[in-house]
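Worksheet: the structure to be examined is printed underneath.
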Amino acid sequence: AIFNVKNKPFDDKRVRKAIHLAWSRVDMGAVSGRFEPTSYSRWVPHGDAFEMPEAEIKKIPGYRESKDEDVAAAKKLLADAGFADGIKGVDFIAIRDHYTINGATAMQDWLKRLLNIEANLRPLDRTQCLQEEAAGNFDICFNWKQTPGNISDFGLYAALAFKTGGGNNAGYYSNPEMDKLIDEILSELDKEKRT
């Protein structure tokens, strides 16, 4: 899911973090697993030299299988951001293929059930979705942008996807600390320091 950080309330990192915490990776994996095998991963895809083992990922808030603590923390974050009663009118675009739209529908459901976030799902053909995404005409975009597996240098992909102004940074995310970290990753040759 890509959040358009130019639009309220997704300009508030507490809202984005709340959604991240409440998101059930187990449930989404079950939906996706109907079409292809799934596994836990984070920024770095499986097969890359710098991947985080799945067992470690499952200990991190937001990725844990038990969601009680995460959902409680998410609701507190929303309340702190001024949305204790939820959020209405979220423009949620998704590619209308069987794989993506099933995941988007599942996300729409749990956003409402767990966080009282009402997302209006707009299913689009791939070309339309990419055009809307590029134009910034969305609050949330559900678009499978496959992270290349077993790539030789994840730092290059990270610079495109997560760095301010990156060519694949469709949500306009900007974080000087992340930019600095990506620059350090790209210039560091020592594998342990890069890890």
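General observations
- Filtered residues of the range 164-195 (kept if of a type outside the set (Val, Ile, Thr) and more than 30 Å from Ala135 (Cβ to Cβ)): Glu184, Ser187, Glu188, Leu189, Asp190, Lys191, Glu192, Lys193, Arg194
- Of the strands (runs of 3 or more DSSP E) lying entirely inside the range 80-145, those containing at least 1 residues that are open to solvent by 40 Å² or more (accessible area, probe 1.4 Å) and among the small types (Gly, Ala, Ser) span 87-95.
- The one condition in (1) outside any loop (DSSP other than H, G, I, E, B); (2) modelled with pLDDT of 85 or more that Gly155 fails to fulfil: (2)
- Cross-chain or 6+ apart pairs with Cβ under 9 Å, the range 62-91 first and without any contact (Cβ under 8 Å) to a residue 60 or more places away in the chain and on the phi > 0 side of the Ramachandran plot, then surrounded by fewer than 16 Cβ atoms within 10 Å (Cβ to Cβ) and among the acidic types (Asp, Glu): Gly86/Glu118; Gly89/Glu118
- Of all residues in the range 23-35 being at pLDDT 70 or above and in a loop (DSSP other than H, G, I, E, B), the one that is surrounded by the fewest Cβ atoms within 10 Å (Cβ to Cβ): Ser24
- Output for the range 36-60, where each listed residue is open to solvent by 20 Å² or more (accessible area, probe 1.4 Å), part of a helix (DSSP H, G or I) and in contact (Cβ under 8 Å) with a residue 12 or more places away in the chain: Glu54
- Hey, Ala119 at pLDDT 95 or above and farther than 19 Å from Asp139 by Cβ or not: no
The values are calculated or read from the model by the stated rules, or taken from the named source; none is laboratory data. None of the values given here were measured: they were computed from a predicted structure. Ideal geometry is used to build each Cβ from the backbone, glycine not excepted, and the neighbour counts take in all protein chains shown. When the accessible area is computed, the model is the full protein with side chains, heavy atoms only, and any ligands, DNA or RNA have been set aside. Shrake-Rupley method; radii C 1.70, N 1.55, O 1.52, S 1.80 Å.
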